[in-house]
Structure formats: C-alpha cells, structure tokens
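Structure first, commentary second.
The values are calculated or read from the model by the stated rules, or taken from the named source; none is laboratory data. Everything numeric in this text was worked out from a predicted model, so none of it was measured. Cβ coordinates were reconstructed from backbone atoms using ideal geometry, including for glycine residues, and neighbour counts include every protein chain displayed. To get the accessible areas, we keep the full protein, side chains included, count just its heavy atoms, and leave off ligands, DNA and RNA. Shrake-Rupley method; radii C 1.70, N 1.55, O 1.52, S 1.80 Å.
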Amino acid sequence: MSHQCYAIIPAAGKSERMGRSKLMLPWPTPAQPDGLLIDSVLRAWTSSCVTRIVVVVRADDEPLAAACRRWPVTLLQPEKPPIDMKASVQLAVSFLNDVYQPGATSRCFVAPADLPALTHEIIDCLAATPFDSERIVVPSFGSRQGHPALLPWTMMSEVLTLADDQGIDQIVKRHDKTTISFPAANLVDDIDTPDEYEAALKAANRNQ
C-alpha cells in the first residue's frame with residue numbers, strides 16, 4: 001500500500017543574516033549552469049517520490065515566486081507576510097487540509113528552503129521507511145541530525161496549536177523518532193551566512 005507524501009517548504013524569510021536573498025544566490029550545476037540555490041532545492045524535491053510540494057513565498061517576493069514557478073510545485077503567497085517559519089507551515093497545513101484532505105496514512109516532510117545539499121535520494125530513502133503514526137523519521141549525518149523531517153499527517157495538526165513561543169522543532173522533540181543514518185559528508189543543513197554559502201558551494205562543486 002502506498003502512502004501519500006507531501007512536502008512543505010517555507011520560503012518567506014528575509015535572509016537578514018545573508019544580507020541578500022539567499023534562495024536567489026547562484027548555484028550552478030551541470031544540468032543548470034545558471035541555476036539558483038532555490039533551483040537546486042526544488043530539483044531535489046520534484047525528482048523525489050513526494051506527491052505534492054507546497055512552497056510558501058511572500059507576496060512581495062516576485063523574483064523568488066517566478067523562480068519557483070519553473071518547477072511543478074504549489075505556490076502559496078499569502079497577502080500578509082508570515083511572521084516566521086511556523087506561520088508559513090501553518091498556512092500550508094491549512095491549505096493541504098482544505099484542498100487535498102491528506103489521509104491518516106499520509107505523511108509530510110517539513111524542511112527549510114535553504115538546503116542546497118539535499119538530494120532526491122535522501123528524500124526517497126526517508127520516505128521508504130515503514131509508516132508509523134507514532135514516529136517522526138529524521139536523518140542523521142555522522143553524529144549530526146539534519147533535514148528534512150518526515151511526520152505522519154496526524155501530527156501536522158499540532159502545528160496549528162503551537163504556542164507563540166514554540167517552534168516546529170517542539171513537535172519533533174516531543175515525539176519518538178526513527179533515525180536513518182547517512183554518511184557525515186552528505187550533511188543536509190541550512191545556510192544563513194555568506195561564509196556558509198561559500199563553503200557549501202565549494203563542497204557541491206567537489207561532489208559534482
């Protein structure tokens with residue numbers, strides 16, 4: 001029996017520590033020499049087994065929205081900018097509930113948009129774990145836990161009831177987890193600063 005698998009990608013941040021839109025930074029690949037960081041991320045998601053990918057972008061961020069439209073994803077652009085990642089995920093959960101009514105055996109990835117090291121192989125490996133309504137699937141890279149997390153859809157309703165001072169990580173912390181191990185060199189982590197961007201780009205070029 002196959003289980004529907006969704007992905008929510010919050011991409012409505014301001015990239016303040018980067019000083020410019022990090023998702024629009026150059027990320028050249030052999031397949032797309034003029035590619036952007038967001039292209040690398042959405043290529044991984046759209047090449048995976050995930051059924052539907054929802055990306056949340058600010059209404060005033062037309063360059064990023066245009067880049068996302070190049071890929072087969074569902075774009076949400078709320079009139080009022082989400083105040084944080086949690087608000088973006090809440091919008092996407094409500095949208096999926098309203099439009100697609102994910103079932104009790106559906107699952108949903110939640111991951112930041114700035115994960116250029118993410119591959120469809122990692123996504124598919126996590127999605128291939130047996131369904132368990134009580135457990136979240138997370139990857140570890142060597143000794144470090146990374147992204148993305150895969151949650152049973154029944155747990156996604158908890159996103160809507162988080163307190164103001166609670167983030168999405170609270171849901172991951174409070175539930176049992178199945179950890180899937182990957183080599184440390186495959187670490188999937190987010191990028192916040194120019195130095196992290198340069199280091200990640202160099203690592204990606206070495207691996208191509």
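For region 57-104, state which trypsin sites (Lys or Arg not before Pro) are in a DSSP loop and have at most 15 other beta carbons lying within 10 Å of their beta carbon.
Values: sites: 58, 69, 70, 86; in loops: 58, 69, 70.
Listed in order of number, the matching sites are 69, 70.
Label points 7 Å out from Cα along the Cβ direction at residue 98 and residue 174: separation in nm?
Distance between the two pseudo-spin positions: 2.5 nm.
Could you order the peptides 169-176, 116-123 from most to least packed, using the average number of other C-beta atoms within 10 Å per residue? Intermediate values should be presented prior to the final figure.
On the way: 169-176: 13.4, 116-123: 21.0.
Descending mean neighbour count gives 116-123, 169-176.
Find the relative contact order for the chain and round it to a whole percent, using C-alpha pairs within less than 8 Å whose residues are 6+ positions apart.
Numbers: 363 pairs, mean separation 50.0, N = 208.
Over the chain, the number comes to 24 percent.
At q = 0.07, 0.11, 0.16 Å⁻¹, what is the log10 ratio I(q)/I(0) for the chain, with the Debye formula run over Cα points and no solvent?
Ignoring solvent entirely, the Cα scatterers give -0.19, -0.49, -1.10.
When only C-alpha pairs under 8 Å and at least 6 residues apart count, what is the relative contact order of region 1-105, in percent?
Numbers: 138 pairs, mean separation 32.4, N = 105.
The normalised contact order for region 1-105 reaches 31 percent.
Please compute the per residue accessible area over region 57-202 with all protein chains in place, 1.4 Å probe, rounded to a whole number of Å².
Values: 7130 Å² over 146 residues.
With the other protein chains kept in place, region 57-202 gives 49 Å² per residue.
How high is the relative contact order of region 1-57, given as a whole-number percent (alpha carbon pairs under 8 Å, six or more residues apart)?
Values: 61 pairs, mean separation 28.0, N = 57.
Relative CO of region 1-57 lands at 49 percent.
Grab the DSSP H runs of the chain that are 4 residues or longer, score each as -39,500 (n - 2.57), total them, divide by all residues and round the 222 nm result to the nearest 500 deg cm²/dmol. Please report the intermediate quantities before stating the final value.
Values: 7 runs with 64 residues, N = 208.
It lands at -8500 deg cm²/dmol.
Assuming R0 = 22 Å, what is the FRET efficiency of residue 181 and residue 124, from their Cβ-Cβ distance, to the nearest 0.05?
Working: r = 15 Å, r/R0 = 0.70.
The computed FRET efficiency comes out at 0.90.
In whole Å, how far is the Cα centre of region 63-79 from that of region 5-50?
So the two Cα centres are separated by 11 Å.
Cα-Cα over 26 Å: which of 14/202; 177/202; 14/177; 22/202? Mind showing how you got there, number by number?
Numbers: 14/202 24 Å; 177/202 32 Å; 14/177 31 Å; 22/202 16 Å.
Checking Cα-Cα distances, 177/202; 14/177 exceed 26 Å.
Leaving ligands, DNA and RNA out of it, report the carbon-plus-sulfur percent of the accessible area of region 86-195 at a 1.4 Å probe. Intermediate values should be presented prior to the final figure.
Details: 2450 of 4920 Å².
Carbon plus sulfur share of accessible area: 50 percent.
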